[in-house]
1. Would you say Val39 is open to solvent by 30 Å² or more (accessible area, probe 1.4 Å), within 17 Å of Thr308 (Cα to Cα) and away from ligand 1 (no atom under 16 Å from the Cβ)?
2. What about Gly133, is it within 16 Å of ligand 2 (Cβ to nearest atom), in contact (Cβ under 8 Å) with a residue 60 or more places away in the chain and either in a loop (DSSP other than H, G, I, E, B) or of a type outside the set (A, V, I, L, M, F, W, C) (or both)?
3. With the requirement that a residue be free of Cβ contacts under 8 Å to residues at least 40 places away in the same chain, assigned to a helix (DSSP H, G or I) and more than 20 Å from Ile170 (Cβ to Cβ), what does the stretch 304-323 give you?
4. Within the stretch 291-318, how many residues turn out to be over 13 Å from the mean Cα position of the chain (by Cα) and away from ligand 1 (no atom under 16 Å from the Cβ)?
5. Restricting attention to the stretch 216-233, report how many residues are polar (S, T, N, Q) and under 26 Å from Gln372 (Cα atoms).
6. Return a yes/no flag: does the stretch 67-88 have any residue that is over 30 Å from Lys319 (Cα atoms) and within 16 Å of ligand 3 (Cβ to nearest atom).
7. Within the stretch 269-286, is even one residue touching a helix residue (DSSP H, G or I) at 6+ places or on another chain (Cβ under 9 Å) and more than 24 Å from Val253 (Cβ to Cβ)?
Amino acid sequence: MSKRRVTYYYDPDVGAYTYGFGHLMKPQRMRVTHELVSVYGMLPKMHILRAKRATAEVMSRFHSDEYVHFLSRVTPETAQELTFHGSRFLVGDDNPAFEGVFEFCTISAGGSIAAAQRLASGATDIAINWAGGLHHAKKREASGFCYINDIVLGILELLRWMPRVLYIDIDCHHGDGVEEAFYTTDRVMTCSFHKFGEYFPGTGNINDRGRGKGRGYAVNVPLKDGITDETFRSVFEPVIDKILEVFRPSAIVLQCGADSLAGDRLGCFNLTMQGHANCVQYVRSQNIPMILVGGGGYTVKNVARAWTYETACALGIEKEIDPNLPWNEYFEWFGPRYRLEVVENNMDDVNVKDGSVDDVRKTVLAQLSEMQ
Ligand code: ZL4
Ligand code: CA
Ligand code: ZN
């Protein structure tokens, strides 16, 4: 519970973007989170910064010039014609060319890059960018609501100054874009926990472990519906322990996708806010410089609850947080209990029911032991 220097990146414009009517991804969740962080009195306890927006040139450290150029020009009106002229950068209804899509990406990516610079400079112990975590974006293609991969750009920045970076992903979906970007290097270890089996994006098999020099440096923990706090913890903690032992990272990027919470509109896990936050607490307790980014999360009030609580965990003040929500601009959203909590539901934990979680834990730990 000791104190850490925390830097929190927030751009007040981010909450105004919308992916379009009926789309599940709602940038407004960052604004609701910020409101709760604010009414809980956390702002004076951190460095609050508005990051410089990422430029097209910086984005091209990972993405292709053609794709970044396309994104920087596309509008809802020109999407059709730009797409028909041979380019297929935005595929399907998941990734609409919404109004301001490029600006939104400059904010999300700018935050993660700034977080990486600040961490690498030694000016902070923990940097937070809830607008980041868009783990599906590919070098030349948008995927799964993600256009620019802020995580890859942040890790590339860290690699300028640090030998080894660990990436951990607790979003309900597989962190495919980040895994793919670093699949052949031994300087970045990626570890994703995700629902696997008839679920987007379909990758993240336990036997996908990296290639060439990167063999063993991609770790995949495939899970099934209904995982509870206790089950998740029973695999998260030993796997992370073993990774820290074999990889000894200089910095950790933790993607806190909140669609792994109970009651998410897209996710199928059964984690409470505490169970989700336990990952933040556990990683923080290792005393390694850390970046927290957002990611998925489609039941907005629960996303705001979890990321608010996790901001408190970063500060080490979670024990002092009043479970009854203070009055705030969105108060009526949090009824009928008006509490800072996400409770579990009565779905079956298939991972326990069919015993698969024990096999998964055993297999992943054996794979990691091979590396020693
Ligand atoms: C929607 O209602 O599985 C998008 C997406 C937009 C509104 C209007 C369009 C209606 C569900 C999802 C038709 C939409 C059909 N609207 C989308 C194979 C698919 C092809 C596209 O948390 N259709 C693709 C992506 C996943 C697929 C999950 C998770 C991101 C993250 C990090 C990305 N895509 C089938 C779906 C709706 C929509 C309703 C939707 N899309 C649910 N799951 C997907 O990991 C941020
Ligand atoms: Ca994941
Ligand atoms: Zn997700």
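The values are calculated or read from the model by the stated rules, or taken from the named source; none is laboratory data. Note that the coordinates shown come from a computational prediction; the quantities given were computed from them, not determined experimentally. Note that we place each Cβ from the backbone using ideal geometry, even for glycine, and neighbour counts take in every protein chain shown. These accessible areas exclude ligands, DNA and RNA; they are computed on the full protein's heavy atoms, side chains included. Shrake-Rupley method; radii C 1.70, N 1.55, O 1.52, S 1.80 Å.
1. Details: open to solvent by 30 Å² or more (accessible area, probe 1.4 Å): yes; within 17 Å of Thr308 (Cα to Cα): yes; away from ligand 1 (no atom under 16 Å from the Cβ): yes.
For Val39, the condition - open to solvent by 30 Å² or more (accessible area, probe 1.4 Å), within 17 Å of Thr308 (Cα to Cα) and away from ligand 1 (no atom under 16 Å from the Cβ) - is met.
2. On the way: within 16 Å of ligand 2 (Cβ to nearest atom): yes; in contact (Cβ under 8 Å) with a residue 60 or more places away in the chain: yes; either in a loop (DSSP other than H, G, I, E, B) or of a type outside the set (A, V, I, L, M, F, W, C) (or both): yes.
Taking the combined requirement at face value, the residue satisfies it.
3. Of everything in the stretch 304-323, just one residue is free of Cβ contacts under 8 Å to residues at least 40 places away in the same chain, assigned to a helix (DSSP H, G or I) and more than 20 Å from Ile170 (Cβ to Cβ), namely Glu320.
4. Matching residues across the stretch 291-318 total 12.
5. Initially, the stretch 216-233 is screened for residues polar (S, T, N, Q), giving 220, 228, 231.
Still in the list and also under 26 Å from Gln372 (Cα atoms): 220.
Of the residues in the stretch 216-233, 1 are polar (S, T, N, Q) and under 26 Å from Gln372 (Cα atoms).
6. Within the stretch 67-88, none of the residues are over 30 Å from Lys319 (Cα atoms) and within 16 Å of ligand 3 (Cβ to nearest atom).
7. Going through the stretch 269-286, the residues touching a helix residue (DSSP H, G or I) at 6+ places or on another chain (Cβ under 9 Å) turn out to be 269-284, 286.
Add one more test, that the residue is more than 24 Å from Val253 (Cβ to Cβ), and what stays is 270.
Yes, the conditions are met somewhere in the stretch 269-286.
One line per residue, one yes/no per condition, for (1) open to solvent by 40 Å² or more (accessible area, probe 1.4 Å); (2) modelled with pLDDT of 95 or more; (3) touching a strand residue (DSSP E or B) at 6+ places or on another chain (Cβ under 6 Å):
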{"site": "His63", "(1), (2), (3)": "no, yes, no"}
{"site": "Ala79", "(1), (2), (3)": "no, no, no"}
{"site": "Val101", "(1), (2), (3)": "no, yes, no"}
{"site": "Gly133", "(1), (2), (3)": "no, yes, yes"}
